[in-house]
Every structure is written in structure tokens, then in C-alpha cells.
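Encoded as C-alpha cells, the structure appears first; notes follow it.
The values are calculated or read from the model by the stated rules, or taken from the named source; none is laboratory data. No experiment lies behind these values; they were computed from the predicted model shown. Neighbour counts are summed over all protein chains in view; Cβ atoms, including those assigned to glycine, are modelled from backbone coordinates with ideal geometry.
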Amino acid sequence: MSLGIDAFAMPLAALCAVLLDRILGEVTRFHPLVGFGNLASRIEKRLNRGSLTHGLFAWLLAVGPWVALAFWLRPLAPFAVDVLLLYLALGAQSLCEHADAIARPLAGGRLEEARQRVGWIVSRDTSALDASGVAKAGVESVLENGNDAVFATLFWFALLGGPGALLFRLANTLDAMWGYRTERFNLFGRFAARLDDALNWIPARLTALTYALFGHTRNALACWRAQAPGWDSPNAGPVMAAGAGSLGVRLGGAAIYHGQEEIRPPLGSGPPPVAADLGRATTLIRRSLYLWLAGFFVIGLFHA
């Protein structure tokens, strides 16, 4: 009997964390990831000498102590530590709320407000976006962050428990902060970018497959196969191509990053997204999340 209970510990912890995320949402005050971001900024300002070695040392200094502490605490209360760490690492509810905060003013014709809202979750310049550009930026962010904040986090949780979820989210945060090909970060942030690519490789493809299952499946798989190789990111390409194909919208195209226009390959097929497609994207995230949770319980059943 104990073996059966142990087999279901991981899926039950995942379910509890997802429910906490759905009910409580993101921590509004003193969020650990916000605090970690502030710490990472201070470390970068002190250690960034434009070298790979300094970047590696900074990454270890920022991430190592917290992951080591998580692994040390876990044996003391495995279920509680797993639930707490996964809840803090997940961003499903926050992602859906941000998408809704963009869609409502966009649908209501309040373009300036929609630009401001989408600017909170994307790194591109949103000041001159038209309504279609706002919707496109929002859908791209929802699809890509669905992998980073939800499914890749769950993947590493399934492998290593709460400490695995923490490791991935901290590594992903550093990639978002340091992983730019600019003069400041090109060498310093290269380790953070490459490690995030490695940690994300399998989860991104599982996410892309899941997206494909809940929409225009054949179109999603065709877009993934044909379009993802042309995207700069080896992981964002499959995720967004499959997601766009599943939704039947066209993403990609011109965008301004750090003051420079980038012409990105097209992703998906169909018309450009509109405000309603943000809601369709979050529905895709939620349905995919339910499937992953069901898969965890199926795995637990086999182990039992």
C-alpha cells in the first residue's frame, strides 16, 4: 500500500500546486522570483566583465545556493516542499490574467492601454503597435511563456520534484535577464542562454505536441516542421509555430527589440490574431495543463 501512495505523491503535489496557483494566483508581495531578479541584477552589475567565466560564476552564485537549500530541505517534508516550490514556480494563472488584461482594452478600442499592458510581458517596443501588433505580441508571449512558466516547470518537477521546478525557473529567469546578444550580455550571458536552451529542449517539444493536440492538429504539426527551423530560438520556434498553427493564426514578422527592427520568420497560418485570440491562447494553455496533470496520474498508476 505504501508503494501505491508513494507513486501518487508527485501527481498529487502537482495537482495541489496547480490548484493553489488557480485559487491564489501569483504572490503579489515579496514574490521570491522578483526578489531573485533583484539579486541577479546586483550580481550582474558587480561581476559582468564581459567574459564567459564571469558569466558562469555569476550564474552559479545566483542559482546554486537556492537549489542546494531546496534539495537539503526536501527530505524533511517532501510533499509540503514540493507543493510550495511548484506553486511559487508556476505562472499559469498569472499568464492568463495578463492575457485578459491585454484582451479587454484591446477589444474595447483602448489601444494605448492595451499597448501598455502587453509591454509588461514582452521585451519588444510596444509604443507604436497597432491593434493587430498588440494581439500578435500578446499571443506570442502567451504561447512561449506557457512553456516556460507552466510545462517546462512541470517537466522538471516530474523529474526532480520541487527543487527541479525551482532550478528551471531560476535558470529561465536568468536567461530572460542575461541571455541577450547585445554588447553588454553577449559573452556574460551566454552560459545562461545555452543552459536554458538545454533545460528547455525536451519540454518545448512536449509543449508543442500538446498544443497541437488541442486545435488544428495537422496544421500545427506542419507549421512546426516547416517553420520552427527558421526561428532563432531552438525552443521558442517549435512552441510558437505549433501553437500558432493550432490556433489558426499567423505570428512572427517585424518587431523592434532594443531599438532595432528585426524581421522574424512567419509562424502559423491564417489571419493575424485579434483580441479574442488571446482568450483562445489561454484556453489552449489550460487544456494542455489538464492533460499534463492527467498524464502525471497515469504515470503514478503505472508505478503503483
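Observations
- Residue match in the stretch 260-281 (condition: within 25 Å of residue 107 (Cβ to Cβ), of a type in the set (A, V, I, L, M, F, W, C), part of a strand (DSSP E or B) and without any contact (Cβ under 8 Å) to a residue 40 or more places away in the chain): no
- Just so you know, in the stretch 206-219 the residues that are part of a helix (DSSP H, G or I) and among the hydrophobic types (A, V, I, L, M, F, W, C) include one that is surrounded by the most Cβ atoms within 10 Å (Cβ to Cβ), and it is 208.
- Condition met for residue 125 (without any contact (Cβ under 8 Å) to a residue 40 or more places away in the chain and among the acidic types (Asp, Glu)): no
- Here residue 188 meets the list (1) assigned to a loop (DSSP other than H, G, I, E, B); (2) out of contact with any strand residue (DSSP E or B) (no Cβ under 9 Å at 6 or more places or on another chain); (3) surrounded by fewer than 17 Cβ atoms within 10 Å (Cβ to Cβ) almost entirely, failing just condition (3).
Matching residues to (1) touching a residue at least 40 places away in the same chain (Cβ under 8 Å); (2) part of a helix (DSSP H, G or I); (3) out of contact with any Lys or Arg (no Cβ under 8 Å at 6 or more places or on another chain); (4) at negative phi:
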| residue | (1), (2), (3), (4) |
| --- | --- |
| 96 | yes, yes, no, yes |
| 106 | yes, yes, yes, yes |
| 156 | yes, yes, yes, yes |
| 160 | no, yes, yes, yes |
| 192 | yes, yes, yes, yes |
| 204 | yes, yes, yes, yes |
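- For the stretch 191-212, a residue qualifies if it is within 28 Å of residue 54 (Cβ to Cβ) and touching a Phe, Trp or Tyr at 6+ places or on another chain (Cβ under 7 Å), and the qualifying residues are 191, 192, 199.
- The condition of being surrounded by fewer than 20 Cβ atoms within 10 Å (Cβ to Cβ) and in contact with a Leu (Cβ under 8 Å, 6 or more places away or on another chain) does not hold for residue 251.
- None of 276, 242, 281 is more than 24 Å from residue 115 (Cβ to Cβ), out of contact with any His (no Cβ under 6 Å at 6 or more places or on another chain) and at pLDDT 95 or above except 242.
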